[in-house]
Amino acid sequence: DDPAITAILPRCFSDVNCKAGELTGICQNPGLLNAACSFTEPSKINLFVINVKNCVTCDSEAVVNLLRKRFSGLTVKILNYPGQAAQQMIDDLGLQVLPAYIFPKSIQEEDNFYNLKDDLQLVKDFYVFKPQASGVSYFLKQEAKPGNFDLFFSIFEKDAGLLLTTLKEFKPSLHFLATQKPEGFEAKYGTPEVEEYLRAVCVEEYYPQKFLDYLICRSKNISSSYWEDCLSQPEYLKIKNCARTPEAADLLRENISLNEKLKIASGPSYLLENQEIFSSRGVPVEELRKILKQKKIRPE
């Protein structure tokens, strides 16, 4: 960094040396004494972001910031839903979920386009970010159900007990993270998890008032095979018989039907009013309570 030495060195040795703020230049005559950086203004690129006006958990900022780093000439235009401009673009492009990130087709002329190509889908004259790449916060095609609260989770995760205890007062509808296969059901923790769910849906069917307490009890020692300790003897015998019948499979199939419809495969995930969805790492107790109260999902 000695100014005397810097003064006699070439201006640049490669394009990497040609940066000025957000501008990236081209090194001409690299490594020579007459080397120089040539800068051009970045192309102006429009990005349309459709977000939900009253969505508590919809956050488009992280994706937009990532795209600003890729395209220095990015101009972001926010379209709020519901709204006429947002609705027209939703209809024209057949969008199913929000937020949506939409580029004009001309982005394919940019150098960085090919770094994003696999995450984009061409729809008419626009490139739309695939939901699996940008994330989903809102289901446009789901009917709004004010006050509804659905929780998608695995009882085998270490924080399941804290999660259920925290949310108990909000009376969530519970959905287990299992999937249906031709040969039966699958879950992350294998057969023990599937068998636990078959018993649990029977508890919900025959002893709904004890369903959540049963799950909280099991979560305290989920690796134990003594699940009957969480029920009285008459209840235990009823559930044992139910869990081994086709009825239990039908009940579990019904329990996970919303998971499959919305393609929810991990958790904990939270569906508010049948439209707004978000996930969490661990159990951020106060944050969850704040979100639920903002959505007017009141504790009982």
Among the residues of the range 159-182, how many are surrounded by 20 or more Cβ atoms within 10 Å (Cβ to Cβ), under 14 Å from Glu260 (Cβ atoms) and of a type outside the set (A, V, I, L, M, F, W, C)?
1
Considering only residues that are surrounded by fewer than 14 Cβ atoms within 10 Å (Cβ to Cβ) and either part of a helix (DSSP H, G or I) or charged (D, E, K, R) (or both), which ones fall in the range 88-105?
Gln88, Asp91, Asp92, Lys105
For the range 127-136 the number of residues that are touching a residue at least 60 places away in the same chain (Cβ under 8 Å) and either surrounded by fewer than 19 Cβ atoms within 10 Å (Cβ to Cβ) or in a loop (DSSP other than H, G, I, E, B) (or both) is 2
For the range 188-203, which residues satisfy the criterion of being buried (at least 21 other Cβ atoms within 10 Å of the Cβ) and not hydroxyl-bearing (Ser, Thr, Tyr)?
Glu196, Leu198, Arg199, Ala200, Val201, Cys202, Val203
Index of the failed condition, Gln28 passing every other in (1) at pLDDT below 90; (2) surrounded by 11 or more Cβ atoms within 10 Å (Cβ to Cβ); (3) among the polar types (S, T, N, Q):
(1)
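Specify which of the listed residues (Phe139, Phe156, Phe185) is surrounded by 13 or more Cβ atoms within 10 Å (Cβ to Cβ), at negative phi, more than 22 Å from the chain's Cα centre (by Cα) and in contact (Cβ under 8 Å) with a residue 60 or more places away in the chain.
Numbers: Phe139 fails: more than 22 Å from the chain's Cα centre (by Cα); Phe156 fails: more than 22 Å from the chain's Cα centre (by Cα).
Just one listed residue meets the conditions, Phe185.
Restrict the check to the range 109-122 and report whether at least one residue is acidic (Asp, Glu), in the same structural domain as Lys69 (by TED's automatic domain parsing), outside any helix (DSSP H, G or I) and free of Cβ contacts under 8 Å to residues at least 12 places away in the same chain.
Going residue by residue through the range 109-122, those that are acidic (Asp, Glu) are 109-111, 118-119.
Of the ones still in play, those that are also in the same structural domain as Lys69 (by TED's automatic domain parsing) are 109-111, 118-119.
Keeping just the survivors that are outside any helix (DSSP H, G or I) gives 110-111.
Filter once more, keeping what is free of Cβ contacts under 8 Å to residues at least 12 places away in the same chain: 111.
Checked against the condition, which is being acidic (Asp, Glu), in the same structural domain as Lys69 (by TED's automatic domain parsing), outside any helix (DSSP H, G or I) and free of Cβ contacts under 8 Å to residues at least 12 places away in the same chain, the range 109-122 yields at least one hit.
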All-but-one check, Pro284 against (1) modelled with pLDDT under 95; (2) loosely packed, with under 12 Cβ neighbours inside 10 Å, failing number (2)
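The values are calculated or read from the model by the stated rules, or taken from the named source; none is laboratory data. All values derive from a computational prediction rather than experimental measurement. Cβ: placed from backbone, ideal geometry, glycine included. Neighbour counts: every protein chain shown.
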